Each structure stands twice: as C-alpha cells, then as structure tokens.
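Reviewing the structure listed below.
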Amino acid sequence: MPIPRILVDADACPVKEEIYKVAFRHEVPVVVVSNQHLRVPQHPLLGRQVVSDAFDAADDWIAEQSAPGAIVITADILLADRALKAGARVLSPTGKPFTTSSIGSAIATRAIMADLRAGGDQLGGPKPFAPADRSRFLQALDTAVVAVKRSG
C-alpha cells in the first residue's frame, strides 16, 4: 500500500499554508523543496529539502522522490509530466490536477507559447491567483490525499 506524502515545488508556491492545513488534518508528511532556505513551521510532519541553485535542481529532486503515494504540488508542466510517469499524483497550486490524459496537451500548449514568445509576441502571463483558486486547491488536495489512502 502506498504511503501518502506531499512533495512541494516550493520556491513560487502560493498555497503552502493550505498544504500544511491538509497535511495536519490527515497526518501526512510534507517535504518542502526549494533552492533557498524558506521558513517552514516546526512540526514533525513538515520537512525541508534545500537543493543547489543549479537549473532544475528542485525539479530533479522531486522527480527522483516521486512514486505511487506521492502527491506533487507544482505549476511546472515538465515536472508534472516526470512525476506522473513515476506514478505520483500531481496538482497545480490552483487545484487543477495534471493527469496522464491531460499532460500531453499541456506540454504542447507550453511549447506553442514558448515559440510565440521567442518570436517576439507579447503574451499575458497567467491569471492572478484568486481566492477561488485557493479554495479549489484545498478541496483538490484533500481529495487526492483521501484517494491515496484508499488506494491500498
């Protein structure tokens, strides 16, 4: 039976407090992964992994730790793909799950947007993070933790 744990791509994660709330409620360990020292509350369920500032060091560490039972929180589509391939569940900070059936189109869209930006097109960034995103994330993470616990 996979043991649930939450791996957080933390450098730009806007929902760390929500992650802690769900982790405490379900007694699930969390590893906060970053390129720099971040403040993490002192709690036995919360761990911190500071990686080098090398390109993709946090992503590489998270991908290596991803496995069935892991729930990865990231907005990085390429990391999401790597984690899914390792058997983890993946959520964006807005609560949108990345799945094996949706990741291909997300990668394709990312590539198209990168090509447009490289061609000089002015594109808007992501929508501002809203309270509804925070609420949707809380519900999605709670659902994911329950699903991992039941999958055994």
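The values are calculated or read from the model by the stated rules, or taken from the named source; none is laboratory data. Treat the numbers as computed from the prediction; the structure is a model and nothing was measured. We place every Cβ from the backbone using ideal geometry, glycine too, and count neighbours over all the protein chains shown.
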(request) Check Ala147, Ala88, Ala83, Ala67 and return the single one that is within 21 Å of Ala23 (Cβ to Cβ), surrounded by 11 or more Cβ atoms within 10 Å (Cβ to Cβ), under 17 Å from the mean Cα position of the chain (by Cα) and at pLDDT below 95. (result) Ala147
(request) Filter segment 95-144 down to the residues that are closer than 17 Å to Asp81 by Cα and not in a helix (DSSP H, G or I), then identify the one that is modelled with the lowest pLDDT. (result) Ser101
(message) Out of everything in segment 8-22 that is part of a helix (DSSP H, G or I) and under 12 Å from the mean Cα position of the chain (by Cα), what residue ends up being surrounded by the fewest Cβ atoms within 10 Å (Cβ to Cβ)?
(response) Lys16
(message) Restricting to segment 60-82, name every residue that is under 18 Å from Val15 (Cα atoms) and touching a strand residue (DSSP E or B) at 6+ places or on another chain (Cβ under 7 Å).
(response) Ile62, Ala70, Ile71, Val72, Ile73, Thr74, Asp76, Leu79, Ala80
(request) Go through Arg48, Arg5, Arg25 for me and flag whichever is surrounded by 19 or more Cβ atoms within 10 Å (Cβ to Cβ) and touching a residue at least 12 places away in the same chain (Cβ under 8 Å). (result) Arg5
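Can you tell me how many residues in segment 26-83 are of a type in the set (Ser, Thr, Tyr) and assigned to a strand (DSSP E or B)? Before the answer, list the steps.
First pass over segment 26-83, keeping only residues of a type in the set (Ser, Thr, Tyr): 34, 52, 66, 74.
Okay, now just the ones that are also assigned to a strand (DSSP E or B), so 34.
Going through segment 26-83 one residue at a time, the tally reaches 1.
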(request) Those residues that are free of Cβ contacts under 8 Å to residues at least 40 places away in the same chain and within 23 Å of Glu64 (Cβ to Cβ), I need them from segment 11-22; list them, please. (result) Lys16
(message) Please go through (1) over 18 Å from Ala147 (Cα atoms); (2) of a type outside the set (Lys, Arg); (3) free of Cβ contacts under 8 Å to residues at least 60 places away in the same chain for Pro97 and return the number of the only condition it doesn't satisfy.
(response) (1)
